[in-house]
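Values in this text are rule-based calculations from the coordinates and carry no lab data. On a predicted model such as this, the values are computed, not experimentally measured, just so you know. Counting neighbours? That spans all protein chains shown, and the Cβs are built from the backbone with ideal geometry, glycine included.
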Amino acid sequence: MYGLHRSIFNEEHELFRQSVRDFIAREIIPNNAQWEKDKRVSRESWMKFGENGFLGIQAPEHLGGMNIKDFRYNAILIEELGLSGCSGPTIGYPLHSDIVMPYILHYGKEAVLAKYIPKMVTGEYIGAVAMTEPGAGSDLQGMRSTAEDKGEYYLLNGSKTFITNGSLADVVVVAAKTDPNKGAKGISLFVIDREMEGFTKGVPFEKVGLHAQDTCELFFEDVKIPKENLLGKVGDGFKYLMTELAQERLVVALAAVALSEFLLKSTVEYVKQRKAFGKAISEFQNTRFKLAEMMASVEQGRIYCDYLVYLHNEGKLDSAMASAAKYNMTELQCKVADECVQLHGGYGYMWEYPVARGWADARVQRIYAGTNEIMKELIARKILK
């Protein structure tokens, strides 16, 4: 942004970035308004995203992926989606590729990998992760869903809420208690698919923002889960969640700083054109100072996230670092969104303006993937251990 040198990216990364940017300009931005009305990104778009090789790029080649282990490519996809200002796709696609798929790739048995990953790479199957319950948000140990071992299968009962990609989901990673008496050590993860009897979905929620991103409740009534669909070992689910949540929170942070940059750029364009008292709003000192403050903060955030992407590639990103990124960048996004609305005046409150949609979309970023209060607790634990 504004000539900032991005030292962690090389020429090959930038060529990939351009192909992603071209695709988004052609296939995402023109359709986003309709998706907001439909409350979901179209399945056709998922298929196109897959056809262009943008889903699950880290998956092995024999499962349809490109076996790209360099997370900088994933970061580019997230960033370019955010820079489009299309918040729904910015959340939905990375959740599928960078949050759901790693659970299956890292802990799934070969039969499960072969069954689900190729279809997730093509976009035929859309992924979701189901942790949050109506009575248990960030407190995962408070979940009530159970998966009882019946010998030949597990019997799943319970419900999950606020599930991103929920109404479209074909494959869901579900957390449930296999031993309610063991607390965190009694939680296991399972792969559920759309064909399993007893698995149903609620209607998409009427949300304040993220209108193009489908979110709903999921219900499980006597769902028979094949034993092979257990991810990893029984009782190790909470450990897997804690391991994978670092990347999830980095993904949220990357999206937040990119969406902040989009809002800032949109506002710069607006204040240059909008006139008051006979001159452009951009000529007023308050406007100039507000823009300068936001630019400085966004550039700092960008450098910060670049460094964490570098650390993640080196296997050195820990939970506290990721929590700090998620906390800082989502707080920044909400602050930038609010300031940009103010600089737009009354027009900033009109839904036709990107800044209004961006403001409504930003608020939930401080809530999901662990509330920012939980992020501060995780950071504090590292400080005080």
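Using the basic label-point model (7 angstrom from Cα toward the beta carbon), what is the PHE289 to LYS335 distance in nanometres?
Reported label-point gap for PHE289 and LYS335 is 1.6 nm.
Between segment 200-220 and segment 253-294, what's the alpha-carbon centroid distance in Å?
Centre-to-centre distance over Cα atoms comes out at 33 Å.
Under a Cβ-only charge scheme (Lys and Arg +1, Asp and Glu -1), can you give me the dipole magnitude of segment 128-235 about the Cα centre, in debye to the nearest 20?
Roughly 360 debye, rounded to the nearest 20.
Please list, or write none, the lysines whose alpha carbon is within less than 23 Å of the alpha carbon of LYS272, excluding same-chain residues fewer than 8 places away.
LYS290, LYS335
Under a cut-off of 16 Å between alpha-carbon atoms, report the lysines in cross-link reach of LYS239, not counting same-chain residues fewer than 8 places apart.
LYS177, LYS182, LYS185
Which lysines have a Cα less than 19 Å from the Cα of LYS201, not counting those fewer than 8 places away in the same chain?
LYS39, LYS160, LYS224
Excluding the sites themselves, what is the longest stretch of the chain that contains no chymotrypsin sites (Phe, Trp or Tyr not before Pro) in a DSSP loop with at most 16 other C-beta atoms within 10 Å? Let's see the in-between values first.
On the way: sites that count: TYR2, PHE277, PHE284, TRP351.
Counting at most 16 other Cβ atoms within 10 Å as exposed, the longest clean stretch of the chain is 3-276.
Just report the Cα centroid separation between segment 38-54 and segment 301-337, whole Å.
27
If I take R0 = 45 Å and measure r between the Cβ atoms of GLU152 and ARG381 in this structure, what FRET efficiency does the formula 1/(1 + (r/R0)^6) give, to the nearest 0.05? It would help to have the intermediate numbers written out before the result.
Details: r = 41 Å, r/R0 = 0.91.
The pair GLU152/ARG381 has a calculated efficiency of 0.65.
Placing +1 at every Lys and Arg Cβ and -1 at every Asp and Glu Cβ, with all other atoms neutral, what dipole size does segment 11-126 have around its Cα centre, in debye to the nearest 20?
So the magnitude is around 440 debye.
Please give, to one decimal in nm, the separation of the simple spin-label points placed at GLN300 and GLU197, each 7 Å out from Cα toward the Cβ.
Spacing of the two 7 Å Cα→Cβ label points: 5.9 nm.
Test of the criteria: in segment 324-385, which GluC sites (Glu not before Pro) are in a DSSP loop and have at most 13 other Cβ atoms within 10 angstrom of their Cβ?
Taking segment 324-385 and a limit of 13 other Cβ atoms within 10 Å, the loop GluC sites (Glu not before Pro) found are GLU352.
As I understand it, the dipole of the chain uses +1 on the Cβ of Lys and Arg and -1 on the Cβ of Asp and Glu, about the Cα centre. Which of GLY186, LEU384, THR161 lies farthest toward its positive end?
Comparing the listed Cα positions along the dipole, LEU384 ranks first.
Charges at C-beta only: +1 for Lys and Arg, -1 for Asp and Glu. How large is the resulting dipole of the chain about its Cα centre, in Debye rounded to 20? Please list the in-between numbers first.
Numbers: 46 positive and 50 negative charges, 182 e Å.
So the dipole magnitude of the chain works out to roughly 880 debye.
Subtract the Cα-Cα distance of THR243 and HIS106 from 0.36 nm times their separation in residues, and report this length gain in nm to one decimal.
In short, 48.2 nm is gained.
Show me the helices of the chain, taken as full DSSP H stretches, that run 27 Å or more along their long axis by Cα and average 0.5 or above in Kyte-Doolittle hydropathy.
Helices passing the filter in the chain: 237-273.
Just want the answer: with Cβ charges of +1 for Lys and Arg and -1 for Asp and Glu, which residue in CYS334, ALA292, LEU317 is farthest toward the dipole's positive end in the chain?
Farthest along the dipole direction, towards plus: ALA292.
Report, in cubic angstrom per residue, the convex hull volume of the C-alpha atoms of the chain.
Taking only Cα atoms, the chain has a hull volume of 136 Å³ per residue.
To the nearest 0.05, how large is the calculated FRET efficiency for GLN18 and LYS207 if R₀ is 30 Å and r is the Cβ-Cβ distance?
The pair GLN18/LYS207 has a calculated efficiency of 0.35.
Rounded to the nearest 500 deg cm²/dmol, what is the calculated helix-only ellipticity per residue at 222 nm for the chain, with -39500 (n - 2.57) per DSSP H run of length n ≥ 4? Before the final figure, lay out the partial values.
On the way: 12 runs with 184 residues, N = 385.
Counting only the DSSP helices, I get -15500 deg cm²/dmol.
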